[in-house]
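Read the structure below first, then the notes.
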Amino acid sequence: MAEKDLGYRRVQCTGRGSYIISLPKEWVQDIGLKRGSEIAFNINTDSTLNLIPRKIKEKLDDTGSKLKEYYINVDPKDDLQSTLRMIKALYVISADIIRIHFRNMEDATRCKTEIKNFARDTFLGAEVIDETEDEITLQILIKHSEFPIERAVRRMAIIALSANKDAISALKDRSPALFQNVVNARNDANRLGLYVVRQLKYGIEHNLYRELEFNTPKEFLLYRIVVNDIKNIAENALNIVNNLATFQKLIDEQLLFIKEPIDEEVFSQMLSFNSVAHQLFEESTKAMFKKDYNAAESLIAQRGSIVTLENDLIRLMWSKKLDPNIASILRLMLDSSRRILDYAQDIAELTQNRTVEELCANFAVK
């Protein structure tokens, strides 16, 4: 941009010991600043002042900054799981490059293969950029600005709820393909969860809460809790299909005999109850993203009314005198749906905590 004279601005006093000066409207619009945007002030040696919008300053800093690079020395005779946990921890703290060196060449090939598979299945944007006989180098190629936190959390929630729905359906359709769908969805949810934690730590480190449209840095904690809740939904779905897989294997090997087929009335009500849980969870995340206190309050009230629906389902299961093996799986599914409802209430309460101060500060008696 060519140099341009924007004239003079008069310094004003706020009356509280602070001095202010208005910014040229033309410059503000060209740069794309808005209310809450931050500007860095740099004093030059000749006492002049440079004003640099934060997003431009960080772009300049990123251009000239070095990638965060870390080294791990591994003996293939040691516990490989410990190394994988260290790699995972480095990913979370925003490492850009991770070099894993093997001190002992014996069995290094097997370890490198496991590390590559682990990185592919666990991390978003991780690629092997170099490999020698005694070293492997991972680089995290995805940039923090390319996949914002809110989009990642939304996608994570969709995947986890889909895994839960497939797990419930697997009671009647115990096909290996459906089981594998749940396993894949759980892995995808975990991968997104780790990415969000990486983003949150980066945001805290660089004090980027305003750029993420948070009111205070404390809101990073809210998203950290939400990620755990969503991750638990996917884990519970995996637990269900693992039990169903064992159940089906016993039937196939004729070690277990089911007296009667799945009761259609019970299964239909189970699907209905699970659908209500999904709807409440989806609405709670919408309220969180919109920062809607009243919507969160309404959802908390709804959670209490759903207890009756849950009790009706339990009574129906008892009245049917189901096969004990089927009943145990159904109770596991019921517990999973109940947890989704509890997570929805947790998120609604966190949304209230996030918004109540602003709501009450603006209240006026009329």
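Across every pair of different alpha-carbon atoms, what Kirkwood hydrodynamic radius in Å does the stretch 69-140 reach?
On the way: mean 1/r = 0.0839 Å⁻¹.
One decimal place: 11.9 Å for the Kirkwood radius.
Based on the alpha-carbon set only, what is the convex hull volume of the chain divided per residue, in Å³?
Working: hull volume 77.2 nm³, N = 366.
Per residue, the Cα convex hull of the chain comes to 211 Å³.
For the chain, give me the percentage of DSSP beta bridges that are antiparallel, rounded to the nearest 5 percent.
Details: 17 of 23 bridges.
So the antiparallel bridges amount to about 75 percent of the total.
Between 0 and 90 degrees, rounded to the nearest ten: what's the tilt of helix 324-361 against the longest Cα principal axis of the chain?
Taking Cα atoms only, the helix is inclined about 20 degrees.
Mind checking the angle between helix 108-122 and the chain's longest principal axis? C-alpha axes, 0 to 90 degrees, to the nearest 10.
80 degrees
For n ≥ 4 DSSP H runs only, could you compute -39500 (n - 2.57) per run for the chain, divide by its residues and tell me the 222 nm figure to the nearest 500?
Value at 222 nm, helices only, nearest 500: -21500 deg cm²/dmol.
Could you grab the relative contact order for the chain? Cα pairs under 8 Å, six or more apart, rounded to a whole percent.
12 percent
Considering only L171, L84, L51, give the residue with the highest GNM mean-square fluctuation for the chain, with springs between Cα atoms whenever their separation is below 10 Å.
Result for the chain, Cα springs under 10 Å: L51 fluctuates most.
About its Cα centre, how strong a charge dipole does the chain have in debye, to the nearest 20, once Lys and Arg get +1 and Asp and Glu get -1 at the Cβ? Provide the component values of the computation, followed by the final result.
On the way: 51 positive and 54 negative charges, 227 e Å.
In total the dipole reaches around 1080 debye.
Based on the mean of other Cβ atoms within 10 Å per residue, sort peptides 159-165, 67-73 so the most packed one is first.
Numbers: 159-165: 23.6, 67-73: 13.0.
So the peptides 159-165, 67-73, ranked by packing, come out 159-165, 67-73.
When you count, for each residue, the other Cβ atoms within 10 Å and take the mean per peptide, how do 122-133, 32-43 rank with the highest first? Could you put the intermediate results ahead of the total?
Values: 122-133: 14.4, 32-43: 10.8.
In descending order of packing, they fall as 122-133, 32-43.
Could you tell me how many degrees, from 0 to 90 and to the nearest 10, lie between the Cα long axis of helix 80-92 and the main elongation axis, the longest principal axis, of the Cα atoms of the chain?
For helix 80-92, the angle is close to 40 degrees.
Throughout, read-outs are computed from the coordinates displayed, never taken from laboratory work. Being a predicted model, the structure only gives us computed values, none of them experimental. Here Cβ is always computed from backbone atoms with ideal geometry, including for glycine, and neighbour counts include all displayed protein chains.
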